[in-house]
Each structure stands twice: as structure tokens, then as C-alpha cells.
């Protein structure tokens, strides 16, 4: 569904992503592992057109590199950015509304909001509160709900479990599995390698902008590199 | 007592104009980090719009609407042809662009229209006073207060109730994420400029109503004041701009009214002295803008 070939991202002189290729098949959960600064977020941002990049990116058979972010979202990709980045002074209702406003209107938009409130009951309780007043876990739920409002075919999640309590982390991973069960394709960037590999169909390990290892979730979890670097138990 | 009431009306009406202008600066600044020094020229455009509309004897209400629409149109044109091509540049580049736009428009007014003030005759009904309780208060300052209140109310409704308004508030906090929602960045920025143009146009009409003429430099002083007001309020904060505008207007009128005659020439020094004290007390302004989070 998503094919990335020879992707390069440069910030000034620094090369953050040095020509990586990866592929996300329809209906799968694909995970990108790597340390801070390995180029994981840069890869997601490049796919969404938020940062300039070189190389090929195609989605459902058509090239999307060089297109503006707004157009890429309309094609069916959606990103939950690192650090959640909800609009803090807007209410939960307004955050959700903006998530879907470019894709539906009137009752169709209201139906989508209702669907997300059913999926995340906590957001119904907080509906009229400012997003900045929610707890970290609630903000993450809101960020994911907002990213689902455009009804994407491919969801990109950047560090969804970062800084959350273990119980909430469980909820987030359960949610990702349930999204997969409903046919959504997921590209997941995670620091929590153990949990990510449990649910991943396939994974890539990034080091300083290059892919050093790839394989199924089980293969990666069993590999020496991943066990030493990311699964220090 | 009646002098006091008159001064309060004057203070609130002047503060209202500053508030509308500061709000116009803040709406644009909060989204594109541009302090638009051509904002004053938007006022002047509306001033000449009013002058020409009255000169061709358009009915007064139509002349007002036309003047405001001209400021909106010029705001949109400068965004499209001056600021948008420079958007990839840094903040300094945008700032210099706004100086250039301001200078070009001013030269156009001076050479294309006239360097001298043009009188703008207003309907006689506006020049009178009305009695409130035991004081006579000018109709123009009162209308000015009503107009400011209605404008602020409409803008608040727009920002809270409409999708574009919500998108503008979101853009001020995190522009990149707004684009991730599929909302077109250029459209939100255009609307911000249109709103700021409308606010400049409304302020221009109120400004002229108190002075009766328009000249090429008309917008300079009020927008300089509005910039001070926006800084007192907290640059980029919309409610801060309104608070700063009223604070500055009230300070000016208070010092004007109560300074001894010998100290009056130094009124602005006193006003700016208080501004400095406010900024020492609250360096980020009265109501600081939320710190935008960008990756």
C-alpha cells in the first residue's frame, strides 16, 4: 500500500535519513524501531510531506512525494505526530471537528465525531474541556481520534506510548490491534520495542538514518541486535 | 463629574480603536509570525476609499462598507503577491517585505493622490452630542465604542463558531498539525489577512470620524501605537491585543486630562514610561500568547 524507495531527508548539511526503502502492505502493522535521532520521525514527516525529501514515495500505486501535506491527507494517509500535539486551547470537540472538517460536513461530520466518542468514551466525558487540560493519556487518545477523523486508509503513529503510564500503554496497543482488525493499515514508530514487536507483522530497525535490519516481528524480537540494543532485559 | 464621564468615553473609544488595530496585527502575527508594518497603510487605503466614495456621492453607509472592503482587498492582494512568495523566508525577510509594501503604498498615495490631507466630510448628524445623565458626550466617541464592541463580538463568534475561525485559532498554536488535518494552509492565512484588513478598515473609519481628513501618513501613528498595545498585551495573543489596546488608550487619555499643562508635551514619555513598567512587571505581556509547539 505504501512503498518508500531510496528516501533521503536532509536538514541543512545533516543527513537524517540516508536513502532507506520500506514497504507497508495493506492491512498490516509495520513498525520502525530505532534510537533517538535514528531518523524515524523524519521518515514519517517526509511521507506526510511535512519536510522536503528526495527519493520515491508511492501510496496505493501513485507517487505522492513532493505533494503538499493537505493533498496527501486527502489521499487517505493520516499522522499522529510525536508528542501528541493536540491544540491545547481548543476544546476536545473543536479538536475533533478540525480533524474531520476538510473531509466531511454537516451530519456526516457529526457521525464521525460520534463514532470516535464511542471508540474513546473518555473523550465524551471531556468533550467541552480544553485539550491542554487533559492528562497525557487522554491527550494521546484525542490525538489518535483526531487523526482518525479523516477516515484514513493508512495511519502513521509516531511514539504513541511515549511518557504514558503502563496501563494506558496497554490501552494504546490494544487500540492499534483493534484498528488493524477493522482493516486499517498502520505504520508505527515506537521506542517500546518489546510491545511494538508483539503486535507488528513486519519491522525495520533504523540506525543513524539507515536500515540495518528488517524482518517479521518475531524474527526481529529474536535477533541479537534488537535484543541487545532495544530489549535490554 | 461630567468632565470625568467625557474623559472615560474618550478613553474607551480611543482604546477601542487601538484594540481593533492591535487585534489586526495579532491575528496575522499569531499565524505567520509577521509583524505587518503595512497595517497602517491598510488604514490609509480605507481612508482614501471613504474619501473617494463620498466624493462621488455614494450614500454614507455604502461608502463605509466600500472603504472597509478596500482595506480587505488590499490586505488579500499584499498577502498573495508580497507575503506568500516570501513565506519560505525567515521572519526578518517577512518583516522587511512588510516595510517594502508599506513604503510602496505610501509613495503611491503621495504621488498618485496627494501629499496633502484630503477632507472627508461626514454627515452632520455625527458631529453633535447627546446627554447621558448629567453630561454631554460626543456622538462619534459613543458610536466608536458601539462599533468596537460589535466588531469584537462578531470576531469572537467567528473564531468560536465557524470552522475557519477554529482553524485560525488552531493555526496560531500549531500550524503544521493543522495541515495534517487536511486543512489548506493558504486559505487559513488568506482569511487571517482578510480579517486583519477588515479590522484596519473599521479602525480607519473610526479614526477619520474623529479627525475629518485623510493623508498619506494617516495610518503610521495609530499602528505604531497598536504595535505598542500588542506588545503590552502579549504579542500574538488575541485577548492580549484587546487588553493592551484599551490599556494604552486609557493611559493616554488619563495623562492628557490630568497632567499639569507644563508637562503635557511629554505625555507620550509618561505613557511609554508606564508601558515599560508593565513590561518589567510582566515581560510576556498582560495575557501572554500560548507558546507554540513546533518540531
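The values are calculated or read from the model by the stated rules, or taken from the named source; none is laboratory data. Computed from a predicted structure; not experimentally measured. Reconstructed Cβ throughout: ideal geometry from the backbone, glycine too, with neighbour counts over all protein chains shown.
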For the stretch B:125-140, which residues satisfy the criterion of being under 26 Å from the mean Cα position of the chain (by Cα) and not in a loop (DSSP other than H, G, I, E, B)? B:125, B:126, B:127, B:129, B:137, B:138, B:139, B:140
For the stretch B:179-204, the count of residues that are crowded, with 24+ Cβ neighbours inside 10 Å, in a helix (DSSP H, G or I) and touching a helix residue (DSSP H, G or I) at 6+ places or on another chain (Cβ under 6 Å) equals 10
Of B:71, B:135, which residue is modelled with pLDDT of 95 or more and closer than 26 Å to residue B:245 by Cβ? B:71
When only residues in the stretch A:206-223 that are in a helix (DSSP H, G or I) and free of Cβ contacts under 8 Å to residues at least 40 places away in the same chain count, which is farthest from the chain's Cα centre (by Cα)? A:222
Can you tell me how many residues in the stretch A:91-106 are at pLDDT 95 or above and more than 21 Å from residue A:153 (Cβ to Cβ)? 6
Give the number of residues within the stretch A:127-156 that are in contact (Cβ under 8 Å) with a residue 12 or more places away in the chain and not in a helix (DSSP H, G or I). 13
Tell me which residues, restricted to the stretch A:176-205, are under 26 Å from residue A:70 (Cβ atoms) and in contact (Cβ under 8 Å) with a residue 24 or more places away in the chain. A:176, A:179, A:183, A:184, A:185, A:186, A:187, A:188, A:189
Do we find that residue A:188 is within 27 Å of residue A:105 (Cα to Cα) and part of a strand (DSSP E or B) in this structure? no
Of these, A:109, A:90, which one is in contact (Cβ under 8 Å) with a residue 24 or more places away in the chain and in contact with a helix residue (DSSP H, G or I) (Cβ under 9 Å, 6 or more places away or on another chain)? A:90
Criterion violated by residue B:276 - all others in (1) in contact with a helix residue (DSSP H, G or I) (Cβ under 7 Å, 6 or more places away or on another chain); (2) away from chain A (no Cβ under 14 Å); (3) in a helix (DSSP H, G or I) satisfied: (1)
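Listed here are the residues, each with its yes/no results for (1) at pLDDT 95 or above; (2) under 18 Å from residue A:189 (Cα atoms).
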position: A:127; (1), (2): yes, no
position: A:137; (1), (2): no, yes
position: A:148; (1), (2): yes, yes
position: A:156; (1), (2): yes, yes
position: A:161; (1), (2): no, yes
Taking the stretch A:1-33, which residues are under 23 Å from residue A:179 (Cβ atoms), touching a residue at least 60 places away in the same chain (Cβ under 8 Å) and surrounded by 19 or more Cβ atoms within 10 Å (Cβ to Cβ)? A:1, A:2, A:22, A:24, A:29, A:30, A:31, A:32, A:33
